[in-house]
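Engineer: Okay, here's the structure, questions in a sec.
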Amino acid sequence: MDRQLDLKNIPRHVAVIMDGNGRWAKERGQIRLQGHLAGMEALREIVRHSQRLGVEYLTVYAFSTENWKRPADEVSGIFKLVVKYVNSELKELNDNNVRVRILGDWSAVPKDSADSIRLALKTTENNDGLKFNIALNYGGRAEITRAVNKLISEGRTNVTEDDISGALYTAGMPDPDVIIRTSGENRLSNFLIWQAAYSEIVLTDVYWPDFTPEEYERCIIEYQGRDRRFGGHK
Ligand code: IPE
Ligand code: IPE
Ligand code: MG
């Protein structure tokens, strides 16, 4: 019998590498930005479904520090979608008590996107429902380097693992229980490389725009079948 979703064992922190927008569009003879737009629509449903399931933290990889290598029109199109996303989703997110945070150096993003981000952060800052983290201009190595520099600037000459964890963008959050990657790729691509130390990795061939709540549940069921040992044994 197929495993059923266990609502008593929902991961506290789900992280998602939303990949495959470009290939999704190509298969349909559309431009890559159409794929990013469709991906944004998929994200709306996954945020809603995370709330239904009782996920506490949802972290999504929206734009990496390496994605600046892409053509300028694709990059500017993605940042315009950030504005569009905030315009269309912020009210619902706030009504549902969602707390939005950005992981990454968003001071480097175009001004209209930065303005939208500022509004989203400010509007939701006192919410205590789903913690929705958007990794934007995010890279794991940049994050760790920034954390170490922060500790150095505080005069530290010796640091613990907890010090580093506490200086990351994810300070105070649990590490992801599961990292889902869509589109059939088998790598982390610089996502949460410190925090992923004991995360379960769930891979699916589905392109991100086709990632439905049903596929999301299937990934969580796969996670629930894993034996998490954290280096110990029973
Ligand atoms: C993921 O989709 C979105 C971003 C990286 C911004 P891609 O744009 O990487 O899609 P593929 O991997 O080329 O299909
Ligand atoms: C990872 O996907 C980044 C995001 C999903 C935002 P990429 O498409 O950039 O990763 P690579 O280049 O295939 O490793
Ligand atoms: Mg990709």
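The values are calculated or read from the model by the stated rules, or taken from the named source; none is laboratory data. Computed from a prediction, not measured in an experiment: that's the story for all the values here. Backbone-built Cβ (ideal geometry, glycine too); neighbour counts: all protein chains shown. Ligands, DNA and RNA are excluded from the accessible area calculation, which covers all protein heavy atoms including side chains. Shrake-Rupley method; radii C 1.70, N 1.55, O 1.52, S 1.80 Å.
Engineer: Every residue in the stretch 187-211 that is under 27 Å from E161 (Cβ atoms) and part of a loop (DSSP other than H, G, I, E, B), please.
Structural biologist: R187, L188, S189, N190, F191, L192, I193, W194, S199 - these are the residues of the stretch 187-211 that are under 27 Å from E161 (Cβ atoms) and part of a loop (DSSP other than H, G, I, E, B).
Engineer: If we keep just the residues of the stretch 11-33 that are more than 19 Å from F132 (Cβ to Cβ) and of a type in the set (G, A, S), which is surrounded by the most Cβ atoms within 10 Å (Cβ to Cβ)?
Structural biologist: Taking the candidates together, the pick is G20.
Engineer: Can you tell me which condition P174 does not meet? The list is (1) more than 16 Å from the chain's Cα centre (by Cα); (2) more than 18 Å from R44 (Cβ to Cβ), and all the others hold.
Structural biologist: Single failed check for P174: (1).
Engineer: Considering only the stretch 129-175, how many residues are over 23 Å from E200 (Cα atoms), acidic (D, E) and touching a residue at least 12 places away in the same chain (Cβ under 8 Å)?
Structural biologist: Final tally of qualifying residues: 1.
Engineer: Out of all the residues in the stretch 179-193, which are more than 10 Å from ligand 2 (Cβ to nearest atom) and surrounded by 22 or more Cβ atoms within 10 Å (Cβ to Cβ)?
Structural biologist: I179, I180, L192
Engineer: Do the conditions hold for A38, that is, is it at pLDDT 95 or above and surrounded by 13 or more Cβ atoms within 10 Å (Cβ to Cβ)?
Structural biologist: Criteria met by A38.
Engineer: Identify, from the list G35, G39, G77, G20, the residue that is on the phi > 0 side of the Ramachandran plot and of a type outside the set (S, T, N, Q).
Structural biologist: Within the list G35, G39, G77, G20, the selection yields G20.
Engineer: Take the residues in the stretch 53-100 that are in a strand (DSSP E or B) and either small (G, A, S) or more than 28 Å from I193 (Cα to Cα) (or both); name whichever of them is least open to solvent (accessible area, probe 1.4 Å).
Structural biologist: Checked the stretch 53-100; the qualifying residue least open to solvent (accessible area, probe 1.4 Å) is S64.
Engineer: A further question follows. Starting from residues that are of a type in the set (A, V, I, L, M) and surrounded by fewer than 13 Cβ atoms within 10 Å (Cβ to Cβ), keep the ones in the stretch 149-178 and report whichever is farthest from ligand 2 (Cβ to nearest atom).
Structural biologist: I152
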